[in-house]
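Structure first, commentary second.
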Amino acid sequence: MKNYLEIIFKDVITRLNIPDDVPLIFDTPKSEAHGDLATNLPLLLTKKLKRNPMEIGTEICNALSYDKEIIEKVELVKPGFVNIFFTAPYITGIIQDIHRENERFGTSSKYSGKTANVEFVSANPTGPLTVGHGRNAVCGDTIANMLEWVGYDVTREYYFNNAGRQMRVLGDSVRLRYLELCGEAVMFPEDYYQGEYIREIAARLEEKHGDDLMNEPAEGKFKDAAESEIFELIKVSLERLGIKHKIFYNENTLYTDGRIDGLLNKFKEMGVSYEKDGAVWFRFSEAGNEQDKVIVKSTGEPTYRLPDIAYHVTKFERNYDLIVDLFGSDHAATYPDVLAALRILGYDVSKVKVLIHQFVTIMQGNEVIKMSTRKANYITLDELIDEAGSDVVRFFFNMLNLGTHMNFDLELAKKHSDENPVFYLQYAHARICSIIRTASEAGLSSSLDNIHLLILPDEQRLIKILHRFPEEMLTAADTLEPGRIASYLKELAAAFHRFYVAIRIIGSEKETAEARLAMAEAVKTVIKNGLGVLGVSAPERM
């Protein structure tokens, strides 16, 4: 719908010599009496043209040339809105498109030939994934799905660090638990990893090696065993949600291949770094940031900003058209420095889209659940999946805007009722499958021959929502907002349930029943396609 309107309105703008730097936006009116779509273009042009918006609107409407098989009428209303009404045959025609394109309906070739890198999760292998990692994982994978849906060739990437203090502490934690099992009395520091998973790794080492490792350093077999086991656990957790990364990028390679040293030398040559108090500082202030920051400590150890900059240089060197970084809110203060450095290095940072998601709180009704029952001193992603199921976890994490703090209600997640949005959506799909089976038993099948009979308000309302699916998917991909898809699907399911309660399919006149079955099948296809992008199943029976 919107694509066609953009074409005909831009034609008018050109012919009337109207400034084309005003945004051309079409929205769905709250009231059906105001049309199927509307634009406030005359209001936006008032200041530019210094004219009355109704005069501008009249001129636009009079000059508008459109296909009368698509648009029934265009009306101008005060204070300066142009309302567009589409013809019923055009509205119902979308059902034919859906049946023809089926599982491809809603896809776009807009970004065909373009490449995208989506980095998400990127948790160091120091313990089981948290629910916060889970939100990152689900939203990152869904964003990758959305980008593929509109034509991008997407690389899913996981960046991790198996060196540094965290990993040293991990190795030490396992070593101390191992020594305990060997009968040694140990002092276990409070800031070491306390989870039961550390004891389990130590127990497997003791079972395999006995007490032969008592003199082994922490950064040897202990760290290696912990890293290997934890990484496998992380991959299994992600696979439970249908998530697989193509690339696992190890931060340590930035040091071994000389990238860190090379970058430091380049900064020095460019005059954008300097030494002070034994440390190396970067002139972030010259890039518009608040102050300069240390990139190499006086101890010689780089701060996290330096490898992050070097890592992003590799992404530019791999020539991606779009680079998406999904971080937790703890990164909100640091990524501007990375972008500033990349800008100074001459890279086009408009290609980089940084998304920050807020924390997750697990609720049981009104009660906050803080502690894990088994593995760690926090609730693990696996425990959440065990409790709620992968479909619910994926949909709930995709439901809200990334910038919104999330209360994940376990009580709601486990309900098999309309209150649970996942159940509500999946039930709509299963209900349509049941209708199709019942119709088949009665000798009825869908037909596109009589879809022009679908003129009742509930039918037209439902079909108009179907019309929006391709645009909703493209907008969600352009804005990197999975929540748009979840909201759209809930709206579609609600409209179908209302239709089903109000109007009979089986039992109506044969031609009408066949047309309504075709419409129901179209709804089923769109629900399945949308849920597929969110990574949620569409069961045929419930």
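The values are calculated or read from the model by the stated rules, or taken from the named source; none is laboratory data. Just so it is clear, the structure is predicted and the values come from calculations on it, not from any experiment. Here the Cβ is made from the backbone with ideal geometry for all residues, glycine too, and neighbour counts use every protein chain on show.
Across region 101-142, the number of residues qualifying as out of contact with any strand residue (DSSP E or B) (no Cβ under 6 Å at 6 or more places or on another chain), farther than 20 Å from residue 227 by Cα and not in a helix (DSSP H, G or I) comes to 10.
A count restricted to region 327-338 and to residues that are more than 13 Å from residue 359 (Cα to Cα) and either without any contact (Cβ under 8 Å) to a residue 40 or more places away in the chain or surrounded by 18 or more Cβ atoms within 10 Å (Cβ to Cβ) (or both) stands at 5. You will find that of 219, 196, 157, the residue that is touching a Gly at 6+ places or on another chain (Cβ under 7 Å) and in contact (Cβ under 8 Å) with a residue 12 or more places away in the chain is 219 and no other.
Scanning region 456-488 for residues that are under 15 Å from the mean Cα position of the chain (by Cα) and either among the aliphatic types (A, V, I, L, M) or surrounded by 22 or more Cβ atoms within 10 Å (Cβ to Cβ) (or both) yields 473, 474, 476, 477, 480, 482, 485, 486. Cβ separations smaller than 9 Å between residues 6+ apart or across chains give no pair from region 160-180 residues that are over 19 Å from residue 231 (Cβ atoms) and assigned by TED's automatic domain parsing to the domain that holds residue 192 to residues that are in a strand (DSSP E or B) and at pLDDT below 95. Look through region 294-307, keep the residues that are closer than 16 Å to residue 272 by Cβ and at pLDDT 95 or above, and return whichever of them is surrounded by the fewest Cβ atoms within 10 Å (Cβ to Cβ). So, considering only residues that are closer than 16 Å to residue 272 by Cβ and at pLDDT 95 or above, the one surrounded by the fewest Cβ atoms within 10 Å (Cβ to Cβ) is 294. Scanning region 155-177 for residues that are at pLDDT below 95 and basic (Lys, Arg) yields 165, 168. Of all residues in region 165-176, none are farther than 30 Å from residue 299 by Cα and touching a helix residue (DSSP H, G or I) at 6+ places or on another chain (Cβ under 6 Å). Take the conditions (1) in contact with a Gly (Cβ under 7 Å, 6 or more places away or on another chain); (2) of a type outside the set (Ser, Thr, Tyr); (3) surrounded by fewer than 17 Cβ atoms within 10 Å (Cβ to Cβ); residue 504 misses just one of them, which is (1). Residues in region 339-354 that are surrounded by fewer than 19 Cβ atoms within 10 Å (Cβ to Cβ) and either basic (Lys, Arg) or in contact (Cβ under 8 Å) with a residue 40 or more places away in the chain (or both): 343, 344, 345, 351, 353.
I want to confirm something. Restricting to region 148-160 and keeping residues that are in a strand (DSSP E or B) and of a type outside the set (Lys, Arg), which single residue is farthest from residue 477 (Cα to Cα)? My answer is 160. Filtered by the rule that a residue be over 27 Å from residue 118 (Cα atoms) and not in a strand (DSSP E or B), region 335-371 gives 365, 366, 370, 371.
The residues in region 482-522 that are part of a loop (DSSP other than H, G, I, E, B) and either more than 18 Å from residue 455 (Cβ to Cβ) or touching a strand residue (DSSP E or B) at 6+ places or on another chain (Cβ under 9 Å) (or both) can be counted, and the count is 1.
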